[in-house]
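Take a look at the structure below.
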Amino acid sequence: MIVSIRIQAESFDVAAETAALTDGRADIGAVVAFTGLCRDEGGRLSALELEHYPGMAEAEIGRIAVQAAERWPLHGLTVIHRFGKIRPGDEIVLVLTASSHRRAAFEAAEFLMDYLKTQAPFWKREHLKDGTAGTWVEAKGMDDEAAERWG
């Protein structure tokens, strides 16, 4: 199984990442792609700053990727999470899952995103359009509830 996990400041190309995951593979019948974007939070946000511990974040995401591969018959997965200041409309995260069948690809992608939203070691701070730094963003209750379904 192909597994690619990257934490990077640079943007990513969804089509290129999908091609890299599926190139030469005739056994893949489904690829699910989820791209998370930075919202402007009603027009008040100028940027979202993401911090992480290099090495630790990749290891933790790798650990959950192994769990996804144990739960679903995946042929590959890609997780790319950005750090630094992200502007509204820019990509924050990409999750790609590849399997022979769509259900496994969809469920594995949801599982990975639920983990990334609630437990991955990233810290997010809002930067507001008025020039002030806002608060550190906490996980939302609905994100925790979504993650609980995976047991």
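For the chain, with only Lys/Arg (+1) and Asp/Glu (-1) charged at the beta-carbon, what is the dipole magnitude about the Cα centre, in debye rounded to 20? Could you put the intermediate results ahead of the total?
On the way: 17 positive and 24 negative charges, 21 e Å.
Using Cβ point charges on Lys, Arg, Asp and Glu, the chain gives about 100 debye.
Quick check for me: using +1 on Lys/Arg Cβ and -1 on Asp/Glu Cβ, what's the dipole size of the range 91-151 about its Cα centre, in debye to the nearest 20?
Values: 8 positive and 11 negative charges, 38 e Å.
Roughly 180 debye, rounded to the nearest 20.
Alpha carbons only, please: Rg and Dmax for the range 11-50, in angstrom.
Rg, Dmax (Cα atoms, Å): 15.6, 46.
Using the Cα atoms of the range 62-151, I'd like the radius of gyration and the largest Cα-Cα distance, Dmax, both in angstrom.
For the range 62-151, the Cα radius of gyration and maximum Cα-Cα distance read 15.1, 49 Å.
Note down the relative contact order for the range 4-104 as a percent, whole number, built from C-alpha pairs under 8 angstrom at least six residues apart. Walk me through the intermediate numbers first.
Numbers: 172 pairs, mean separation 48.1, N = 101.
This gives 48 percent for the range 4-104.
Rounded to the nearest 10 Å², what accessible area does residue 5 show when all protein chains are kept and the probe is 1.4 Å?
Result for residue 5: roughly 40 Å² accessible.
Show that you can apply the helix-only estimate: for the chain, add -39,500 (n - 2.57) for every DSSP H stretch of four or more residues, divide by all residues, and state [θ] at 222 nm to the nearest 500. The partial results should precede the final answer.
On the way: 4 runs with 50 residues, N = 151.
Helix contribution divided over all residues of the chain: -10500 deg cm²/dmol.
What percentage of the solvent-accessible surface of the chain, computed with a 1.4 Å probe over protein heavy atoms, is contributed by carbon and sulfur atoms? Walk me through the intermediate numbers first.
Values: 4130 of 8080 Å².
That share works out to 51 percent.
With a ≥ b ≥ c taken as the square roots of the eigenvalues of the C-alpha gyration tensor of the chain, please select rounded if a/c is under 1.5 and otherwise prolate if a/b is larger than b/c or oblate if it is not? Intermediate values should be presented prior to the final figure.
Numbers: a/c = 2.09, a/b = 1.69, b/c = 1.24.
Prolate.
Find which of 123, 88, 112 sits farthest along the positive direction of the dipole of the range 53-151, computed with +1 on the beta-carbon of Lys and Arg, -1 on that of Asp and Glu, about the Cα centre.
Toward the positive end, the furthest listed residue is 88.
Which whole DSSP H helices in the chain pass both tests: a Cα extent of 20 Å or more along the axis and a mean Kyte-Doolittle value no lower than 0.5? Don't jump to the answer; show the numbers that get you there.
On the way: long enough: 56-71 (23 Å, 0.04); 102-118 (24 Å, -0.18).
For the chain, where a helix must reach 20 Å along its axis and average at least 0.5, there are no hits.
The values are calculated or read from the model by the stated rules, or taken from the named source; none is laboratory data. All values derive from a computational prediction rather than experimental measurement. No Cβ is skipped: glycine too gets one built from the backbone with ideal geometry, and neighbour counts run over all protein chains shown. Only protein heavy atoms, including side chains, enter the accessible area calculation; ligands, DNA and RNA are left aside. Shrake-Rupley method; radii C 1.70, N 1.55, O 1.52, S 1.80 Å.
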